[in-house]
Amino acid sequence: MSTLTGKTYAITGGNSGIGLATARELVQRGAQVAIFGRNPQTLSATRHELGAAALVVQGDVTRHDDLRRFFDAVAQQFDRLDGLFVNAGSASFAPIEHVTQEYIASLFNVNFIGAVQTIQQALPLLREGAAVVLNSSMYTTIGVPQSSIYTASKAALESLARTLSAELVERGLRVNAISPGNVATPLLSRLGMPRTQLEAVAATELARMPVQRFGSAEEVANAVVFLLSPDSAYMLGETLVVDGGRSRL
Ligand SMILES: NC(=O)c1ccc[n+]([C@@H]2O[C@H](COP(=O)([O-])OP(=O)(O)OC[C@H]3O[C@@H](n4cnc5c(N)ncnc54)[C@H](OP(=O)(O)O)[C@@H]3O)[C@@H](O)[C@H]2O)c1
């Protein structure tokens, strides 16, 4: 894999799970990273761990002004960006009868509108040859009960990767998506399910996994770093599935 020394990347949700694992891998390979997230504790721990290689800014992807502040700081510190990982996302599951307009709006607000606003605001900083990666979900390729709104918000990102690839190719930009399967991250504990229900869901999912285990954030991060790096220069509008074979076998 090519070296990333001197390159700069921005990651939303870089203070936890897949985003943090991606930040670690990028830094290990010589890059500098700008991280955006909400939780002050994990942001502070990330700043402490990554040290001078990381710019850390607190904010919410649903807030235009927070994103403006983030990318202003990125411009000041890094000048330009070699890549953007649009990773911040929220998951929630509900039977269709329980879905309300507010529920749809809250998921789409973070997962889709937040992603669009992130790309829009990063665009002036992305240098020619830069790569954008959107974090989708393997659930877009199979039917998973009670995931209708979450999965639709992720399917919209895969569509965005294709359309924006066509729209931005003349500027020398590439847009792809990553589609992770079930990955062991703090996301599960944020679902608001009682522990027993969570364990039952995890056991059901595990039984369907050909490799009989959840993926790790690092395994997804390796694929994200590939899509962010010049090693994937001939890939545009693609969705790369990293799910231990769950959706294919
Ligand atoms: N884990 C899986 O099985 C799986 C599978 C497929 C796709 N994904 C996707 O992977 C992405 C990362 O999730 P993860 O599994 O790594 O879970 P995670 O550890 O819970 O990370 C989620 C990240 O998103 C950030 N975030 C959420 N809402 C935000 C907002 N409104 N503004 C700014 N940051 C926000 C969180 O920041 P704070 O902690 O500061 O709130 C956190 O850094 C998500 O888009 C998720 O849908 C995960």
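So the values come out like this:
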{"item": "Residues within the range 152-174 that are within 16 Å of the ligand (Cβ to nearest atom) and not small (Gly, Ala, Ser), tallied", "result": "4"}
{"item": "Selection count, the range 159-187, where residues are under 15 Å from residue 227 (Cα atoms) and surrounded by 20 or more Cβ atoms within 10 Å (Cβ to Cβ)", "result": "9"}
{"item": "Some residue of the range 202-211 being among the small types (Gly, Ala, Ser) and touching a Gly at 6+ places or on another chain (Cβ under 8 Å)", "result": "no"}
{"item": "Counted residues, the range 218-236 - those being part of a loop (DSSP other than H, G, I, E, B) and in contact (Cβ under 8 Å) with a residue 12 or more places away in the chain", "result": "4"}
{"item": "Any hit, the range 17-26, residues being of a type in the set (Val, Ile, Thr), part of a strand (DSSP E or B) and crowded, with 23+ Cβ neighbours inside 10 Å", "result": "no"}
{"item": "Some residue of the range 97-106 being over 23 Å from residue 9 (Cβ atoms), of a type in the set (Val, Ile, Thr) and touching a helix residue (DSSP H, G or I) at 6+ places or on another chain (Cβ under 9 Å)", "result": "yes"}
{"item": "Given (1) touching a helix residue (DSSP H, G or I) at 6+ places or on another chain (Cβ under 8 Å); (2) under 19 Å from residue 217 (Cα atoms), index of the condition residue 43 fails", "result": "(1)"}
{"item": "Check on residue 47, under 23 Å from residue 120 (Cα atoms) and basic (Lys, Arg)", "result": "no"}
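Residue-by-condition table, conditions (1) over 22 Å from residue 88 (Cβ atoms); (2) loosely packed, with under 15 Cβ neighbours inside 10 Å; (3) in contact with a strand residue (DSSP E or B) (Cβ under 6 Å, 6 or more places away or on another chain):
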position	(1), (2), (3)
215	no, no, yes
231	yes, yes, no
234	yes, yes, no
240	no, no, yes
246	yes, no, no
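A short reminder: the numbers here are calculations on the coordinates, not readings from a lab. Fair warning: this is a prediction, and the values are worked out from it, not measured in the lab. Cβ sites come from the backbone with ideal geometry, for glycine too, and all protein chains shown count toward neighbours.
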